[in-house]
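The values are calculated or read from the model by the stated rules, or taken from the named source; none is laboratory data. For clarity, every value in this text was computed on a predicted model and none was experimentally measured. We place every Cβ from the backbone using ideal geometry, glycine too, and count neighbours over all the protein chains shown. To get the accessible areas, we keep the full protein, side chains included, count just its heavy atoms, and leave off ligands, DNA and RNA. Shrake-Rupley method; radii C 1.70, N 1.55, O 1.52, S 1.80 Å.
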Amino acid sequence: MSRSNYLINRTKSGFCNIFYMVLFVLLFIPVLGFSQPQNNDEQLAIQYFTNREYEKAAMIFSNLYEKRPDAYYYVYYLQSLLELQKYDDAEKLVKKHRKKNSIARYSVDLGYVYELSNQSDKAKKEYDKAIKDLPAEQFQITDLANAFLSRRHPELAIETYQYGRKVLSNPYIFSIEIAQMYQTSGNMELMMQEYLRLIEQNPGNVEDIQLRLQGVFTDDENNSKYEIIRKSILKQTQKQPENMGFAVLMYWLSLQKQDFEMAMIQAKAIDKRFNKTDHQLYEFAKVSLDNQHWDIAIQAYQYIIDKGEKADYYLVARIELLDAKYQQLTSIYPLQIAKISELDQQFSALITELEFNPQVVPFIRTEAKIKAYYLNQIGVAEKLLDSAIKIPGILPKDQALCKLDLADIKLFNNNIWDATLLYSQVEKDYPNDTLGHEAKFRNAKLSFYIGEFEWSKAQLDVLRSATSKLIANDAMQLYMLISDNEDEDSTNIALKHYADADLFFYRKQNKQAVQCLDSIGMLSLEHPLADEVLFKKAQISISLGKYSDADSLLSKICNYYSEDILADDACFLDAEINQKHLNNKEKATTQYQKIITNYPSSVYINEARKRFRLLRGDHIN
């Protein structure tokens, strides 16, 4: 559409709406620095203006402007005349004011008066002249562009900035302003031209561009914006392969899409082409690990290690590689004990190499878990943690974490008294800290395991208001489990069976756990614990690698116990199983959507929303 046709169409809309009227005032007055109303006439005029009594407002502003012809009264007086469609009076006012103040924005006002009065040729002439007469001064260029914006002419604001580039002999200036206007209008290609122009000027601008682009993807459900941006960056990368900024932006875009395999290829290419340090690959490995892309994380860490001992992140990569392998192996069922044993040897070798010191405590903790829970070396695990607790210079919180781990192993080994004693020590040392709350929760769960339900409830009741949302949620669930299933006669037979099953499951004694759960069904076919029984059996099935069985059990909870407290847990776990193990993306999408729709206050809501959008093919921030 030509500009003249655009203006003709614009005149049909009548005078401007309230939003742009306010925008005009906000853009105009702060720039010129005029004061707020001081006398009664000013206050009365503004009150009339606010109430849209423009006739009364215009009369008072006319008198005020005659006494003091400044921009403050001019703005309100002009706007009142425009609202009254008194275009002849408005024209006279603007010409009179412009004669005393040679500022380009007043030409925009005059053009706007012509535009509203169906004189599009005159409007175009004023607008063109305002741009053509611009001096080589950045402030005046920006001021004129803002004037066009205030009159709903972003296309003329862009033209102003582009003309400003010429008179200032700077092809890179105003790129941010122009890009933002293209973004608002939905022109992603031209927006990217401006952003890429900045990276062409200085590759260091890439981080700022990344921040600005994140907002673009918030409403990109069909990925159309993402594709335009990807193609724009790819084209520029091919044109200027020596510019690291474009390569980094392409790598960043792959992460936004959660395409970790492509991001890995790009991260390696950046490292090789630009001879960078290992920082980016190291950060990429951590992001991959956080998103449970273990294979990718392991590849990234190994890539750093293969560069040799002189690599900046060589040692930390060796350490975190083992942690990535641990997370991977302990999340795959059925467990691969031979590989876990091999990993244990690697941990032992690394700890021996580094020697016992405060820095290796986290890895001692991991090795202790491997030995206790997977290799049946409980005594060795306890000695490791005892030694770690006594390391000179150990951080107090690391020491407390070792005590929690040791208590867990004591409980695993049926040493109830020592376990509760260690939990209590940490709770006492950190009464108002998340660490103390965690210790209190584990102690409360221990009490649940051994059938001390009232004592457990008392501790859980306190934790329901814990700072950590996860602890508070876990405390609430266990509290409700107990209170909803206690018998009136306090025998609590079914609840004790369930507590026994939960403890057996923790100790990896699955056969005994299933027997206890089946005992509950024998007490009553429709027992209130029915959904908990199904969920625990699903967890047992997962630990045995029987994902189809788990899917069936969890689906029953989602379908028949949708109002119970475990419903969102069941839907999320079922979605995860279908996504990661059964390759049923359709069902995974359905289950994630159930959480979004039916359980908006669930602790899983954010992750469910992210995964749902990812499965649907959306861009993910």
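Selection of segment 111-125 for residues being open to solvent by less than 70 Å² (accessible area, probe 1.4 Å), part of a helix (DSSP H, G or I) and out of contact with any Lys or Arg (no Cβ under 7 Å at 6 or more places or on another chain) yields G111, V113, L116, S120, A123.
Among helices (runs of 4 or more DSSP H) entirely within segment 505-591, having at least 2 residues that are open to solvent by 60 Å² or more (accessible area, probe 1.4 Å) and within 30 Å of F612 (Cα to Cα) singles out 547-560. Take the residues in segment 348-369 that are open to solvent by 30 Å² or more (accessible area, probe 1.4 Å) and among the charged types (D, E, K, R); name whichever of them is nearest to S543 (Cα to Cα). That would be K369.
One residue stands out among those in segment 592-617 that are aromatic (F, W, Y) and part of a helix (DSSP H, G or I): the one that is modelled with the highest pLDDT, which is Y592. Pairs linking a residue in segment 403-425 that is farther than 16 Å from F441 by Cβ and small (G, A, S) to a residue that is outside any loop (DSSP other than H, G, I, E, B) and at pLDDT below 95, with Cβ atoms under 6 Å and 6 or more positions apart or on different chains, do not occur. For segment 592-621, the candidate set comprises residues that are of a type in the set (V, I, T) and touching a residue at least 12 places away in the same chain (Cβ under 8 Å); within that set, the residue that is surrounded by the most Cβ atoms within 10 Å (Cβ to Cβ) is I595. Restricting attention to segment 417-447, the residues being open to solvent by 40 Å² or more (accessible area, probe 1.4 Å) and either part of a helix (DSSP H, G or I) or within 15 Å of S483 (Cβ to Cβ) (or both) number 12. Candidates in segment 448-467 are the residues that are within 16 Å of D502 (Cβ to Cβ) and touching a residue at least 24 places away in the same chain (Cβ under 8 Å); of these, the one that is surrounded by the fewest Cβ atoms within 10 Å (Cβ to Cβ) is G451. For L343, state whether it is part of a loop (DSSP other than H, G, I, E, B) and surrounded by 15 or more Cβ atoms within 10 Å (Cβ to Cβ). Here the answer is no, as L343 does not meet what is asked.
Among the residues of segment 251-265, the one identified as open to solvent by 20 Å² or more (accessible area, probe 1.4 Å) and touching a Ser or Thr at 6+ places or on another chain (Cβ under 6 Å) is M262.
When Q345, Q266, Q280, Q256 are checked against the criterion of being at pLDDT 95 or above and over 27 Å from S541 (Cα atoms), Q345 stands alone in meeting it. For a quick check of your reading of the model, give me the residue pairs whose first member lies in segment 126-152 and is open to solvent by 60 Å² or more (accessible area, probe 1.4 Å), whose second is among the β-branched types (V, I, T), with beta-carbon atoms closer than 6 Å and at least 6 apart or on different chains. Final answer for the pair search is A136/V167. Scanning segment 560-618 for residues that are under 20 Å from N223 (Cβ atoms) and basic (K, R) gives K585, R609, K610, R611, R613, R616. Kindly establish whether A388 is open to solvent by less than 20 Å² (accessible area, probe 1.4 Å), closer than 14 Å to E438 by Cβ, in contact with a helix residue (DSSP H, G or I) (Cβ under 6 Å, 6 or more places away or on another chain) and among the aliphatic types (A, V, I, L, M). For A388, the condition - open to solvent by less than 20 Å² (accessible area, probe 1.4 Å), closer than 14 Å to E438 by Cβ, in contact with a helix residue (DSSP H, G or I) (Cβ under 6 Å, 6 or more places away or on another chain) and among the aliphatic types (A, V, I, L, M) - is not met. Taking (1) in contact (Cβ under 8 Å) with a residue 60 or more places away in the chain; (2) in contact with a Phe, Trp or Tyr (Cβ under 8 Å, 6 or more places away or on another chain) in turn, T330 satisfies each apart from (1). Within segment 457-476, the presence of a residue that is out of contact with any Leu (no Cβ under 7 Å at 6 or more places or on another chain), closer than 22 Å to S519 by Cβ and modelled with pLDDT of 90 or more is excluded. Reported count of residues in segment 468-488, each being outside any helix (DSSP H, G or I) and either within 15 Å of I565 (Cα to Cα) or open to solvent by 40 Å² or more (accessible area, probe 1.4 Å) (or both), is 3. Can you find even one residue in segment 454-467 that is more than 28 Å from the chain's Cα centre (by Cα), assigned to a helix (DSSP H, G or I), closer than 22 Å to F363 by Cβ and among the aromatic types (F, W, Y)? Looking through segment 454-467, none of the residues is more than 28 Å from the chain's Cα centre (by Cα), assigned to a helix (DSSP H, G or I), closer than 22 Å to F363 by Cβ and among the aromatic types (F, W, Y).
If the condition is being farther than 21 Å from G215 by Cα, assigned to a helix (DSSP H, G or I) and among the β-branched types (V, I, T), then segment 251-289 contributes I265, I270. Counting only residues that are in contact with a Phe, Trp or Tyr (Cβ under 8 Å, 6 or more places away or on another chain) and either at pLDDT below 95 or open to solvent by 30 Å² or more (accessible area, probe 1.4 Å) (or both), segment 370-385 holds 1 of them. Where helices (runs of 4 or more DSSP H) fall wholly inside segment 33-105, the ranges with 3 or more residues that are open to solvent by 30 Å² or more (accessible area, probe 1.4 Å) are 40-50, 54-67, 87-100.
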